[in-house]
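The values are calculated or read from the model by the stated rules, or taken from the named source; none is laboratory data. Computed from a predicted model, the values in this text were never measured in an experiment. Here the Cβ is made from the backbone with ideal geometry for all residues, glycine too, and neighbour counts use every protein chain on show. Each accessible area value is taken on the protein alone, full model and side chains, heavy atoms only, with ligands, DNA and RNA left out. Shrake-Rupley method; radii C 1.70, N 1.55, O 1.52, S 1.80 Å.
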Amino acid sequence: MSGAQDPPIRATVRYRIDPPPPPGQPALTDVVGTVLRNTPQDIVVKSRRGVVHIPRELVVATRIIASTPTRRGVVGGGIEPLALHRLVAPCWPATETTQVGDWLLRASGGFTSRANSVVPVGDPGLPWPAALAEVEQWYAVRSLPSNLTLAGPMGFDPAKDPLGSLLISRGYRRSDSTIFLTAPPDAVRRVIDGTTPTQWTVRVEPELSAQWLTAYQHYRPVAGHAAEAVLTGSPQQFFATARSGEAIVGVARLGVSAGWGGIAAMWVDPAYRRRQVATALIGELVTAATQTDVTALHLQVLVTNPPALALYEKLGFRRHHEYVNLVRAL
């Protein structure tokens with residue numbers, strides 16, 4: 001016998017509240033944590049709010065939280081999806097944040113789903129219904145819908161996730177799925193260096209210009225100050241502008257934080273698509289990334305945008321995970 005111990009098991013346990021609460025209040029609750037004991041009589045879980053003893057007859061459902069295996073050839077392949085979302089959040093920063101336990105709540109006046117959503121990673125320190133009540137109240141005060149990000153492997157179905165199932169039962173609706181991709185900068189740079197040179201002139205600036213912002217509005221409205229605050233709020237950022245002569249034909253942004261560079265805010269004039277404008281933009285942003293402390297890149301693309309996904313994978317990005325947002329209107 002080697003003497004090595006098995007790694008601790010983490011799990012989510014849903015169980016009935018005993019004694020039952022008054023009518024109209026949630027009858028079920030959840031605990032997330034390390035399983036200390038699992039017997040026919042009870043389950044004992046060490047959570048953020050302490051050690052919870054759950055009689056077996058009250059248990060409704062359990063789910064093992066598997067440790068994320070390292071995925072060969074995928075940058076960040078050993079990082080759990082929602083933990084990666086939390087890690088790279090400053091690359092697309094919210095103007096206002098708070099926490100419910102470990103959960104990160106973000107608000108930015110409604111500018112983009114990413115900057116106005118919850119990353120529910122870890123333990124909220126409360127039963128899920130109570131934590132969601134706090135989440136919903138925080139967003140309601142800001143006249144924003146409650147919005148939670150849930151992630152998993154490719155083909156992820158939030159209805160089969162315990163938190164996702166609870167959200168759906170509370171009237172939350174899912175967004176289209178998004179694929180989260182990662183890549184090492186050097187590998188992307190090598191692929192782009194091997195492509196046919198483009199005729200576009202691309203300039204990268206560390207500051208947001210009025211021309212860049214005007215061009216970006218062809219992709220997404222930027223009314224108010226929230227958009228500028230998000231776009232300029234990372235520890236470091238770069239703005240790429242592609243031109244044909246004097247005309248701006250594309251823009252993109254790189255947000256930098258903790259060694260990660262997030263490529264986003266990509267817009268190409270429809271008249272110039274499929275003409276390597278996006279490749280030229282990414283190439284110059286990757287060059288900027290390699291001149292900083294960036295060792296990993298990430299970007300996100302809707303599953304409903306296969307041309308963009310094909311381009312990113314051609315440039316060396318690999319699928320890390322899939323995620324959805326579950327949103328409940330005010």
remark   = Note: among THR287, THR292, just one is without any contact (Cβ under 8 Å) to a residue 60 or more places away in the chain, outside any strand (DSSP E or B), β-branched (Val, Ile, Thr) and surrounded by fewer than 23 Cβ atoms within 10 Å (Cβ to Cβ), namely THR292
task = Provide a single number: the residues in the stretch 82-103 that are outside any loop (DSSP other than H, G, I, E, B), open to solvent by 20 Å² or more (accessible area, probe 1.4 Å) and either in contact with a strand residue (DSSP E or B) (Cβ under 8 Å, 6 or more places away or on another chain) or modelled with pLDDT of 95 or more (or both).
result = 7
request  = Return yes or no: is GLN199 in contact (Cβ under 8 Å) with a residue 40 or more places away in the chain and open to solvent by 50 Å² or more (accessible area, probe 1.4 Å)?
outcome  = yes
ask   = Any residue in the stretch 152-161 that is assigned to a strand (DSSP E or B) and either of a type outside the set (A, V, I, L, M, F, W, C) or touching a Lys or Arg at 6+ places or on another chain (Cβ under 8 Å) (or both)?
value = yes
ask   = What number goes with the only condition from (1) assigned to a loop (DSSP other than H, G, I, E, B); (2) farther than 19 Å from THR198 by Cβ; (3) without any contact (Cβ under 8 Å) to a residue 60 or more places away in the chain that ARG253 does not pass?
value = (1)
remark   = Within the stretch 272-318, the residues that are under 20 Å from ASP176 (Cα atoms), of a type outside the set (A, V, I, L, M, F, W, C) and touching a Ser or Thr at 6+ places or on another chain (Cβ under 9 Å) are HIS298, GLN300, THR304, ARG318
key: Residues of the stretch 236-246 classified as farther than 16 Å from LEU213 by Cβ and at pLDDT 95 or above, total   = 1
